[in-house]
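Take a look at the structure below.
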Amino acid sequence: MTVKKLWGGRFEKTAEQWVDEFGASIHFDKQLVEEDIEGSVAHVTMLGKCGILTGEESEKIKDGLVHLLQKAKKGELEFSVQYEDIHLNIEKQLIDLIGPVGGKLHTGRSRNDQVATDTHLYLRNQVKEILEYIRALQGALVKQAEIHVETVFPGYTHLQRAQPVSFAHHLLAYFWMLNRDYARMQESLKRINVSPLGAGALAGTTFPIDREYTAELLGFESVYNNSLDAVSDRDFILEFLSNASILMMHLSRFCEELILWSTSEFNFVEIDDTFATGSSIMPQKKNPDMAELIRGKTGRVYGSLFGLLTVMKGTPLAYNKDFQEDKEGMFDAVKTVKGSLKIFAGMIETLNVKTDVLEKTVKSDFSNATELADYLATKGMPFREAHEVVGKLVLTCIQRGIYLLDLSLDDYKQASDLFEKDIYDVLQPQTVVARRNSLGGTGFAQVKLALEQAKEALGK
């Protein structure tokens, strides 16, 4: 059966079903159903206020929309590809519900400003939820950090042992990355919380509408100053996808570390069974699948960003059908980010840190070598000379199969008369970490201060 298009008056032919299916967006933009109805309620309220519709017409349409919204929240609305998108599906159901007066809803409005409004409303809601998820993960990191202020952990550069650090210090590095992610997301709300409603197709409308009023009804802080920009702007989605990509990059880096740390070769941590899986053939396996999935899903979010950048790069003003491609990537990125943050918070809350393994680990390397060089430098030896002296001592240890703490005092004296008995206290991993008390350093006193700063950032 051929369905008459709500915009079909100018056309002599109708598209075949497979063409309709290719052009339709209802299979994904039905996610905007509540935002679409919310925007329409504000629009028709304004039409009544401005006398563009009678009070009776406005109220009848509004009642119909509220009824559809209630059905939508219960999952009782059905959508058809024949009506292309969420806007025409809702309008058709409204007309079926209340009669021809429902066709007056679209007065002074285009699908171009309507879909832009829906997207702004959707992304505003989702970003606010994502902010809560970020804070939850930060809270989990703070709780773990409080337990492990004095847990000494091997710090790395180039994935080679470098210097020992407080494990809490390592965790808090990710806290502050996430804090920047939070700030970026929060700042983006300024661009998201702007109303395009009333811009029409591209040029505004001849009807005496009140854009500020609909913006107020929908909780927008301002309106777009230019109607062309209002309907063609997707910067706010690009900004979200960019922020989401940076956030996912941070999570992916952390996942990489958790995956490495949970291997038999490192054995620093154990991921809770809840966030791991087994092998179908190897009974002994415990795979960090959730961490691996988050690492892998990072590519999906990157893809959404690059996809939309590519869509937008060649689109002239104002609206183009290309813009229909802005939503699926946005929806997917929102789902991916929220899921990843929720999983990650759980992994951190339940993470088992093997402090006994770490204690042995930091005593079985040369990550305290810098301490030797600093020791000599504080006694007047130029640092470059001290660096060479210590390098030769490390080489001696490697040749003997021992570590710096295993060298005799005579060995040290032969390298430099500046060495004294206190060198053995200086080289203890706990001492090495505690002495790095410069601002932002890994010294225990600094880490405790950083924890207080972290709690302040969380409002605790």
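Please treat every number below as a calculation from the coordinates, not as lab data. Here the structure is a predicted model, which means the values were calculated and not measured. Backbone-built Cβ (ideal geometry, glycine too); neighbour counts: all protein chains shown.
What spacing in nm lies between the two simple spin-label points modelled at Glu216 and Thr355, each 7 Å away from Cα in the Cβ direction?
Between Glu216 and Thr355, the simple spin-label model gives 5.9 nm.
Determine the equivalent ellipsoid of the stretch 361-457 by diagonalising the alpha-carbon gyration tensor, then write out the semi-axes as square roots of 5 times the eigenvalues, largest first, rounded to whole Å.
Working: eigenvalues 168, 45, 23 Å².
One finds semi-axes of 29, 15, 11 Å for the stretch 361-457.
Kindly put Glu84, Glu21 in sequence by how many other C-beta atoms sit within 10 Å of each C-beta, fewest to most.
Values: Glu84 22, Glu21 14.
Arranged by neighbour count, lowest to highest, Glu84, Glu21 become Glu21, Glu84.
Give me a comma-separated list of calculated 3J(HN,Hα) values for the stretch 422-439, in order, Karplus coefficients 6.51, -1.76, 1.60 applied at θ = phi - 60°, integers in Hz, x for any Gly or Pro.
For the stretch 422-439, the Karplus-derived couplings read 5, 4, 6, 6, 4, 7, 5, x, 4, 5, 4, 6, 4, 6, 7, 9, 5, 3 Hz, x marking Gly and Pro.
Go ahead and run the numbers for FRET between Glu146 and Asn225, Cβ-Cβ distance against an R0 of 51 Å, rounding to 0.05. Can you show the working numbers first?
Values: r = 48 Å, r/R0 = 0.95.
In this case the efficiency is close to 0.60.
Counting each DSSP H run of 4 or more residues in the chain as -39500 (n - 2.57), what helix-only mean residue ellipticity at 222 nm follows after dividing by all residues, to the nearest 500 deg cm²/dmol? Write down the numbers at each step before the final one.
Values: 19 runs with 276 residues, N = 460.
Calculated mean residue ellipticity at 222 nm is -19500 deg cm²/dmol.
So if we plug the beta-carbon distance of Asp96 and Lys74 into 1/(1 + (r/R0)^6) with R0 = 22 Å, what FRET efficiency do we get, rounded to 0.05? Write out the running numbers ahead of the final one.
Values: r = 18 Å, r/R0 = 0.81.
Efficiency, from the Cβ-Cβ distance: 0.80.
Note the angle between two axes, namely the Cα long axis of helix 289-312 and the longest principal axis of the Cα atoms of the chain, as a number of degrees from 0 to 90, rounded to the nearest 10.
The two axes meet at around 50 degrees.
How high is the relative contact order of the stretch 365-460, in percent, with contacts defined as C-alpha pairs under 8 Å that are six or more residues apart?
On the way: 76 pairs, mean separation 20.7, N = 96.
Relative contact order for the stretch 365-460 comes out at 22 percent.
Can you pull a Stokes-Einstein diffusion coefficient for the chain at 25 °C (0.890 mPa s), Rh from Kirkwood over Cα pairs, as a whole number of µm²/s? Write out the running numbers ahead of the final one.
Working: Rh = 26.5 Å.
Translational diffusion coefficient: 93 µm²/s.
Gain in length, Lys286 to Lys49, computed as 0.36 nm per residue apart minus the alpha-carbon separation, to one decimal in nm? Present the calculation step by step, with values, prior to reporting the outcome.
Details: separation 237, 0.36 × 237 = 85.32 nm, distance 6.36 nm.
The Lys286-Lys49 span can extend by a further 79.0 nm.
Please give the contour-minus-distance gain from Gln414 to Lys313: 0.36 nm per residue of separation, less the Cα-Cα distance, rounded to one decimal in nm. It would help to have the intermediate numbers written out before the result.
Working: separation 101, 0.36 × 101 = 36.36 nm, distance 6.78 nm.
29.6 nm is the gain from fully extending Gln414 to Lys313.
At most 11 other Cβ atoms within 10 Å and a DSSP loop assignment: could you name the GluC sites (Glu not before Pro) in the stretch 248-355 that fit? Write down the numbers at each step before the final one.
Values: sites: Glu256, Glu257, Glu265, Glu270, Glu292, Glu325, Glu328, Glu349; in loops: Glu265.
Those satisfying the criteria are Glu265.
Take the Cα coordinates of the stretch 14-107, assign each an equal point scatterer, and use the Debye formula without solvent to give log10 I(q)/I(0) at q = 0.14, 0.19, 0.25 Å⁻¹.
The Debye formula, applied to the Cα set alone, gives -0.51, -0.85, -1.23.
Of Lys49/Lys74; Lys62/Lys190; Lys104/Lys335; Lys92/Lys327, which pairs sit farther than 25 Å apart, going by alpha carbon to alpha carbon?
Working: Lys49/Lys74 30 Å; Lys62/Lys190 29 Å; Lys104/Lys335 35 Å; Lys92/Lys327 22 Å.
The answer is Lys49/Lys74; Lys62/Lys190; Lys104/Lys335.
To test your reading of the geometry: what angle, between 0 and 90 degrees and rounded to tens, separates the Cα axis of helix 235-261 from the longest principal axis of the chain?
Orientation of helix 235-261: about 30 degrees from the principal axis.
Please give the helix 167-192 orientation as an angle from the longest Cα principal axis of the chain, in degrees from 0 to 90, rounded to the nearest 10.
20 degrees
Once you keep just the Cα pairs under 8 angstrom separated by 6 or more residues, what percentage relative contact order results for the stretch 51-173? Kindly include the intermediate steps, with their values, before the conclusion.
Working: 77 pairs, mean separation 19.1, N = 123.
Across the stretch 51-173, relative contact order equals 16 percent.
Once the other residues with Cβ under 14 Å from the Cβ of Ile134 are scored (Lys, Arg +1; Asp, Glu -1), what is the net sum?
Values: positive: Lys128, Arg135, Arg180, Arg184, Lys338, Lys342; negative: Glu129, Glu132, Asp181, Glu187.
Surrounding charge for Ile134 is +2.
What is the distance in Å between the Cα centres of the stretch 249-271 and the stretch 45-62?
59 Å
Could you line up Thr277, Thr298 from fewest to most neighbouring Cβ atoms inside 10 Å? Walk me through the numbers on the way to the answer.
On the way: Thr277 13, Thr298 23.
Arranged by neighbour count, lowest to highest, Thr277, Thr298 become Thr277, Thr298.
Quick check: Cα centre of the stretch 96-131 to Cα centre of the stretch 364-386, how many Å?
Measuring centre to centre over Cα atoms gives 66 Å.
Using the beta-carbon distance between Arg191 and Ala445 and R0 = 56 Å, what value does 1/(1 + (r/R0)^6) give for FRET efficiency, to the nearest 0.05? Write out the running numbers ahead of the final one.
Details: r = 41 Å, r/R0 = 0.73.
Efficiency computed from Cβ-Cβ geometry: 0.85.
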